[in-house]
1. Please verify whether Pro84 is in contact with a Gly (Cβ under 9 Å, 6 or more places away or on another chain) and open to solvent by less than 10 Å² (accessible area, probe 1.4 Å), treating the condition exactly as stated.
2. Residues of the range 8-24 being exposed (fewer than 12 other Cβ atoms within 10 Å of the Cβ) and either within 27 Å of Cys184 (Cα to Cα) or touching a strand residue (DSSP E or B) at 6+ places or on another chain (Cβ under 9 Å) (or both), which ones?
3. For the range 241-269, enumerate the residues that are farther than 16 Å from Glu221 by Cβ, modelled with pLDDT of 95 or more and open to solvent by 50 Å² or more (accessible area, probe 1.4 Å).
4. Would a scan of the range 224-246 turn up a residue that is of a type outside the set (A, V, I, L, M) and under 21 Å from the mean Cα position of the chain (by Cα)?
5. Could you list, in sequence order, the residues of the range 121-131 that are open to solvent by 20 Å² or more (accessible area, probe 1.4 Å) and not hydroxyl-bearing (Ser, Thr, Tyr)?
6. Give Arg168, Arg76 a once-over and let me know the one that is touching a Leu at 6+ places or on another chain (Cβ under 7 Å), surrounded by fewer than 21 Cβ atoms within 10 Å (Cβ to Cβ) and part of a loop (DSSP other than H, G, I, E, B).
7. Checking Glu48 against (1) surrounded by fewer than 18 Cβ atoms within 10 Å (Cβ to Cβ); (2) in contact with a helix residue (DSSP H, G or I) (Cβ under 6 Å, 6 or more places away or on another chain), which single condition isn't satisfied?
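The values are calculated or read from the model by the stated rules, or taken from the named source; none is laboratory data. In this text, all values refer to a predicted model and were calculated from it rather than measured experimentally. Note: ideal-geometry Cβ built from the backbone for every residue, glycine included; neighbour counts use all protein chains shown. Accessible surface is based on the protein model in full, side chains and every heavy atom, while ligands, DNA and RNA are left aside. Shrake-Rupley method; radii C 1.70, N 1.55, O 1.52, S 1.80 Å.
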Amino acid sequence: MRATTIHGPYDIRVEDVPDPRVEQPGDAVVQVLRACVCGSDLWAYRGESARVPGQRIGHEFLGTVVETGSEVRTVRPGDLVIAPFTWSDGACLFCAERLPTSCTNGGMWGAVGSDGGQGEGVRVPYADGTLVAVPAEAASDDRLIGALLALTDVMGTGYHAALSAGARPGATVAVVGDGAVGLCAVLAARLLGAEHVIAMGRHPDRLRLAREFGAAGTITERGEAAVTAVREATGGHGVHAAIEAVGGEEAMRTAVGVTRPGGAIGWVGAPHGSGDGLDVGTLFMNNLTLRGGIAPIRAYLPELLPRVLDGTLDPSPVFDGTTALASIADGYRAMDDRSALKVLITP
């Protein structure tokens with residue numbers, strides 16, 4: 001089959017790789033219907049995260065089950081399924097504690113030795129603990145298929161950020177970052193009842209989408225100017241909940257700076273220097289809470305999937321570009337130069 005591999009900075013290829021097959025009784029083989037490029041993939045694309053030349057890449061996909069092992073019980077061939085960006089057995093201590101990203105038998109798509117999601121097919125270990133079946137008719141609904149694909153990572157990560165930050169009825173929330181995760185965090189904060197959401201970013205088209213998703217205000221300044229703007233917009237107090245959806249030092253400093261005493265910061269930006277923006281003295285003196293990390297997507301799917309299916313949650317507009325698998329390098333370039341927010345892949 002054909003699949004995306006990475007060979008070095010800015011060197012994305014589509015190559016022949018071995019077909020996926022059932023290797024363990026709990027495995028399933030999924031034919032990919034839709035995949036996408038994640039903002040975190042760009043760290044590897046730019047050479048800022050190490051990869052082995054020829055390594056598979058991509059961790060967001062949905063598709064059709066074509067084969068299952070003898071012990072698989074919850075999905076069967078022909079089912080349309082979504083897969084979180086990590087696999088998990090659904091049975092270990094951490095899965096029971098709703099932390100499947102720490103599963104003792106888990107892993108991430110695109111890791112060395114595993115299939116990546118940006119290809120024609122994927123071998124899924126622990127299919128019962130990982131895959132979630134969705135209505136087959138979704139395959140013919142472009143809007144719904146996009147919303148379901150967003151659940152594999154960015155929507156669930158935005159939800160994790162909003163929960164970690166304590167978004168709730170009556171709260172004021174600031175979202176630092178206007179990428180797909182930040183925009184989904186706006187949706188999530190509103191879903192959780194936040195009264196006033198401020199989206200912070202630099203791109204007018206993305207901030208327009210943030211308003212469509214429910215942000216009451218937007219701020220384009222950066223650094224101390226951004227902190228001042230948020231403070232002024234909140235009567236000098238700051239926000240109850242801040243979401244750091246970038247992973248950089250400046251974004252973390254901003255998130256800490258805009259949070260009012262007693263507030264919380266939801267931290268989900270893949271860390272690339274964000275720790276340098278943490279002043280523990282400020283956290284201590286203002287009783288600030290820092291929560292977050294890699295999002296346990298599989299634990300959130302039972303909460304988010306019904307809302308997508310009934311139309312009350314629609315993150316599909318984060319996809320503003322589409323390309324075929326054969327042209328996926330164009331999708332990476334578009335996201336790298338910010339001419340696209342998030343690119344959907346059709347194998």
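1. yes
2. Asp16, Asp19, Arg21, Glu23
3. Arg260, Pro261, Gly262, Trp267
4. Yes, some residue in the range 224-246 is of a type outside the set (A, V, I, L, M) and under 21 Å from the mean Cα position of the chain (by Cα).
5. Arg123, Asp128
6. Exactly one residue qualifies, and that residue is Arg168.
7. (2)
Here is a yes/no grid of residues against (1) buried (at least 21 other Cβ atoms within 10 Å of the Cβ); (2) within 17 Å of Ala188 (Cβ to Cβ); (3) touching a strand residue (DSSP E or B) at 6+ places or on another chain (Cβ under 8 Å):
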{"residue": "Leu288", "(1), (2), (3)": "yes, no, yes"}
{"residue": "Arg291", "(1), (2), (3)": "no, yes, yes"}
{"residue": "Tyr300", "(1), (2), (3)": "yes, yes, no"}
{"residue": "Val308", "(1), (2), (3)": "yes, yes, no"}
{"residue": "Asp314", "(1), (2), (3)": "no, yes, no"}
{"residue": "Gly321", "(1), (2), (3)": "no, no, yes"}
{"residue": "Leu325", "(1), (2), (3)": "no, no, yes"}
{"residue": "Arg333", "(1), (2), (3)": "no, no, no"}
{"residue": "Lys342", "(1), (2), (3)": "yes, yes, yes"}
